[in-house]
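Right, one structure below, let's go through it.
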Amino acid sequence: MSIEIPDVFIQYLDSVLGSDKDKFLSGLNFSKRTSFRANTLKISKEELLKRLALNGFVFQDIGFADAVVVENETALLSKTIEHFLGLLYIQSIASMIPPLVLDPRENEKILDISAAPGSKTTQIGQMMRNRGVLVANDWDGKRIKTLSHNLDRMGIINAAMVNMGGERIGNLLPESFDKILVDAPCSALGVIHKAPQAVANLNYLQKFAYIQEQLIVSAIKAVKVGGTIVYSTCTVAPEENEKLIHTILSRYPVEVEDIVLPQPLSFMPGITSYKGEFYHASLSKTVRILPSEINPEGFFIAKLRKTSAVGIPEGKESFNNKKIRYELTSPQDSGIRRMADYFERTFGIDASFWNDFRFLIKDDEILITSGEWEGKEDMLNRIYTHRIGTRLARTRREDEWKLSTNAAQLFSRAITKSKIDLTDPKEIETFVEAGTIRRAFDIDKGGVVVTANGYTLGCGVMHQGNLKSQMPKSRTVMTVDIY
């Protein structure tokens with residue numbers, strides 16, 4: 001084997017899969033290749049691949065989930081301008097499958113109960129075409145920052161970020177969601193190839209299973225009757241997978257549904273017995289994705305449907321967000337209309353463009369989210385909501401607003417005026433690093449949108465004849481190679 005796998009893990013794998021362990025281990029023999037998905041909120045997959053090919057990248061188009069595998073990574077994909085601008089998200093193929101099984105739709109209410117760092121959340125938002133209602137929760141305040149960065153970079157506006165223990169949401173928002181993803185914290189034994197130290201987690205499987213059970217139970221309470229829960233882990237341990245789902249089936253009104261996976265993947269049905277214990281026959285409908293040529297990771301996925309209501313004891317738990325009381329504003333609000341008129345005069349964005357969105361006005365900041373959030377603010381006030389949508393603008397002075405870089409990138413097709421195009425690689429680098437370009441431009445004052453090589457980089461402002469970048473600090477931590 002080209003990768004050294006701890007003997008204790010091989011022995012454990014043999015106890016779980018028997019002779020099928022060779023299918024798992026053989027998948028680790030392939031050299032690791034980077035995979036990503038195109039962000040079709042900002043660019044078509046065809047156009048993205050065409051542009052990346054100009055820098056020497058060669059691809060294998062997987063044919064689902066806008067997924068692509070890089071055949072020869074001539075440069076680091078993570079340092080390309082395309083990655084910087086959120087035109088792609090680097091993600092393993094197996095990690096893209098749980099959102100596909102969830103199958104989120106534009107008009108639905110979706111919960112990602114353990115969302116950070118945002119790989120699957122941003123994919124769900126993309127599949128929803130930035131419509132509908134998406135709640136992205138994570139209990140870790142530090143990981144929320146990463147989630148926020150990825151939602152902004154990928155242009156996801158229909159998501160509300162929530163920062164609390166996922167096990168509480170079911171009691172606070174009972175039967176509120178059409179579909180829920182439980183991508184649970186786990187022992188990571190399916191990604192042993194990149195984290196051999198995960199073998200130590202063999203000693204803590206019951207601890208992980210306890211956390212996972214709490215999250216699944218919360219999801220069962222929070223999903224509507226007839227709704228879907230997709231449970232996924234990147235571990236091979238039955239204690240965290242089939243055995244756990246078997247326990248859930250015996251206690252709660254859910255049933256396992258069939259999963260249809262795309263052809264290129266290597267997988268096997270879930271197991272129905274382990275160490276002398278026999279599980280519900282429907283566990284064979286769950287799937288174990290195996291490492292393979294296009295996918296180095298092992299994953300487990302179960303699709304559950306809630307068949308009847310679950311009682312929530314009255315007064316079981318209550319919560320009020322003391323920091324912010326969310327109340328969204330419509331495009332007909334006088335302040336929003338003035339902002340729309342200003343952006344029409346300044347950037348050529350038709351004032352009617354904003355009609356399908358809703359807004360949150362917070363001090364001098366205006367956030368934008370999907371129109372489907374209207375009338376659902378009570379959900380946000382019953383849980384610890386960190387933020388909704390993404391920043392659209394800041395008020396600079398009366399009847400003057402500063403468009404955000406995130407909004408300029410996402411809504412670039414609607415912008416027709418006050419644009420500056422950069423062609424010099426040095427100037428492009430200066431701009432993305434939030435610097436100032438000191439030379440004369442055709443536009444000598446006011447806010448501008450800056451483009452380069454057909455891409456919208458973001459917003460700037462002309463100050464004393466110079467172009468000052470307004471790239472957010474959260475974006476400038478990423479390094480970019482400009483060619």
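Any read-out appearing in this document is the output of simple, stated calculations on the displayed coordinates, not a laboratory observation. Nothing here was measured: the structure is a model prediction, and the numbers come from that model. So basically every Cβ, Gly included, is an ideal-geometry build from the backbone, and we count neighbours across all protein chains shown.
General observations
- Placing unit charges on the Cβ atoms of the charged side chains and taking the dipole of the chain about its Cα centre, the candidate lying farthest along the positive direction among Asn203, Phe359, Gly56 is Phe359.
- Cα-based helix-to-principal-axis angle, 242-251 vs the chain, degrees rounded to 10: 90
- The simple spin-label model puts a point 7 Å past each Cα toward its Cβ; for Thr272 and Gln60 those points are separated by 3.3 nm.
- Measuring r between the beta carbons of Gln263 and Glu73 and using R0 = 35 Å, the FRET efficiency lands at 0.90.
- Taking every alpha-carbon pair in region 418-483 and binning the separations at 5 Å intervals from zero gives 4, 19, 33, 28, 12, 4, 0 percent.
- Taking His149, His463 and counting other C-beta atoms within 10 Å, the order from fewest to most: His463, His149
- Column: log10 I(q)/I(0), Debye, Cα scatterers of the chain, q = 0.07, 0.12, 0.14 Å⁻¹: -0.40, -1.09, -1.36
- For the chain, a crude dipole built from +1 on the beta carbon of Lys and Arg and -1 on the beta carbon of Asp and Glu, taken about the Cα centre, is about 920 debye to the nearest 20.
- Computed from Cα atoms, the angle from the helix 7-17 axis to the main principal axis of the chain rounds to 70 degrees.
- Nitroxide proxy distance, nm - points 7 Å out along Cα→Cβ at Lys23 and Ser308: 3.6
- FRET efficiency for the Gln197 to Thr476 pair, using the beta carbon distance and R₀ = 22 Å, is estimated at 0.10.
- Antiparallel content of DSSP bridges confined to the chain, in %, to 5: 75
- Over 24 Å between alpha carbons, listed pairs Lys362/Lys419; Lys142/Lys243; Lys42/Lys120; Lys109/Lys243: Lys362/Lys419; Lys142/Lys243; Lys109/Lys243
- Among 371-379, 219-227, 99-107, the peptide with the highest mean count of other Cβ atoms within 10 Å heads the list, and the full ranking is 219-227, 99-107, 371-379.
- The Rg/Rh ratio of region 32-89, with both radii computed over alpha carbons and Rh defined as the Kirkwood radius, is 0.90.
- Here the Karplus curve 6.51 cos²θ - 1.76 cosθ + 1.60, taken at θ = phi - 60°, turns the phi angles of region 175-192 into couplings of 6, 10, 10, 6, 8, 9, 9, 10, 8, 7, x, 8, 6, 6, 6, x, 10, 4 Hz, with x standing for Gly and Pro.
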